[in-house]
Structure formats: structure tokens, C-alpha cells
Amino acid sequence: MLSFTQTQKGKRACILLGYEYRFIKEVDGVNFWRCREDKQSRCKGTLRTIGENICDGFPTEHSHDSAHQMTEVRDRYTKMKKDIKETGATARRVISNNSLDIPVEVRAYMPSQRTMSRTLNRIKQGNVPNNPHNLNFVIPQQYRNKIVYDSGSDDPDRILIMADRDLLNE
């Protein structure tokens, strides 16, 4: 069964019989796909589709075994990355929530917990602005509602107090 997805970089991809294909080009409504392993394994596997229908004579033969486990791993890992961006939860929580129903044969292909935590924390930190290098900085919009007191950017001894107002009211 043919299914369409995206790569980690947001490019078009599709999966058929455990093989993952990346989008190459579209000519006259025909989509050209190449095996994801074309560079690493020098695989010559290709696929052509019109909409969601596979063209006659395709897919061509691959020079490696299918690895449906790896496509599942990539899907899970992509979902974890999306979850940490959207929820802001800890890496450990995101990993545990997404690992509950992973089959044993797929779990063997997953990266180590340490590697996943490091990657997810790096993604989470990508949403945080850099530390200021002087006192004349502009406070990003997403943090302005957390400011309880600001003595001002023109104050040489600037004092900035931030807190969660909901927690202060408890």
C-alpha cells in the first residue's frame, strides 16, 4: 500500500512495501520518486505515480532489503520532534509518551534514549532566544506577559523580574 509522508526537512516522500522514496520531480502530472537509499546503497529503485496511483512497470528493483522498521522509526522520531515543539514538555516525557506501543522489532532500530533526549532538547532549545549581551535588549513578545517589573533599558543597573502570574496568585 502506497502512503505519503514528509522527510525530516519537510520534503515529500512516500512509502511502498517497506521502501521509502524521496520526491525528485513532476513532469506532465507524473511524479518521479527515487529510493531513499540511492546514495548510501547505490540503489536504483524508482517509482512513478500519477496522483496516488502507481504507473505500470514500477516500482523497479532495489539493491537492498526493505526495512519497514526504519520507516516506523522515522515516523515515531518525527512525531516526537513535533510534540516537543508544540507542547514544550520534557524530552523524557515525550519519549515515554511516544514509546508505549512501539513493537519490539521496531524498538531495536530506535536510537538510544540518550541520543533521542539530546536531539529533542536541542530542538526545544531552538525556540528560546539567545542570552542578551548588554542591558539594552528588547524583550521577545512571547515573554512580555511574564514581566512583573522592569526598571527600563535606559537604567544602567537594570532590574528585570519575571514570574508566572498564575503561580503568584495561588
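Some notes on this structure:
- Annotation: residue 64 carries an accessible surface of approximately 50 Å², with a 1.4 Å probe and no ligand, DNA or RNA atoms counted.
- Dividing the summed helix terms, -39500 (n - 2.57) for each DSSP H run of n ≥ 4, by the number of residues in the chain produces a 222 nm estimate of -8500 deg cm²/dmol to the nearest 500.
- Taking the Kirkwood radius as Rh and the Cα radius of gyration as Rg, the range 1-65 has a ratio of Rg/Rh equal to 0.93.
- Both radii were evaluated on the Cα set of the range 76-153; the Rg over Rh quotient, with Rh as the Kirkwood radius, amounts to 1.17.
- Linear extension gain, residue 96 paired with residue 135, 0.36 nm per residue minus alpha-carbon span: 10.0 nm
- Share of carbon and sulfur in the accessible heavy-atom surface of the chain [1.4 Å probe, %]: 49 percent
- Karplus 3J(HN,Hα) series, Hz, for the range 164-170 with 6.51 cos²θ - 1.76 cosθ + 1.60 (x for Gly, Pro): 8, 4, 4, 6, 5, 7, 6
- Cα-based radius of gyration of the chain once divided by 2.2 N^0.38 Å, which approximates compact folds: 1.51
- Whole-number accessible area per residue in Å² for the chain, which is evaluated in the context of all protein chains at 1.4 Å: 72 Å²
- Rounded to the nearest 20 debye, dipole of the chain from Cβ charges on Lys, Arg, Asp, Glu: 480 debye
- For the range 50-65, backbone phi angles converted through the Karplus equation (6.51, -1.76, 1.60; θ = phi - 60°) give residue-by-residue couplings of 10, x, 9, 9, 7, 6, 4, x, 10, x, 7, 5, 9, 9, 8, 6 Hz, Gly and Pro being listed as x.
- nm² value of the averaged projected area, convex hull over the Cα atoms of the range 35-96: 6.3 nm²
- Our summary of shape: the Cα atoms of the range 117-170 have principal axis extents of 39, 34, 16 Å, ordered from largest down, in whole angstrom.
The values are calculated or read from the model by the stated rules, or taken from the named source; none is laboratory data. Keep in mind that this is a model prediction, so the values were computed, not measured. Because the Cβ atoms are built from the backbone with ideal geometry, glycine has one as well, and the counts that use them run over all protein chains shown. When the accessible area is computed, the model is the full protein with side chains, heavy atoms only, and any ligands, DNA or RNA have been set aside. Shrake-Rupley method; radii C 1.70, N 1.55, O 1.52, S 1.80 Å.
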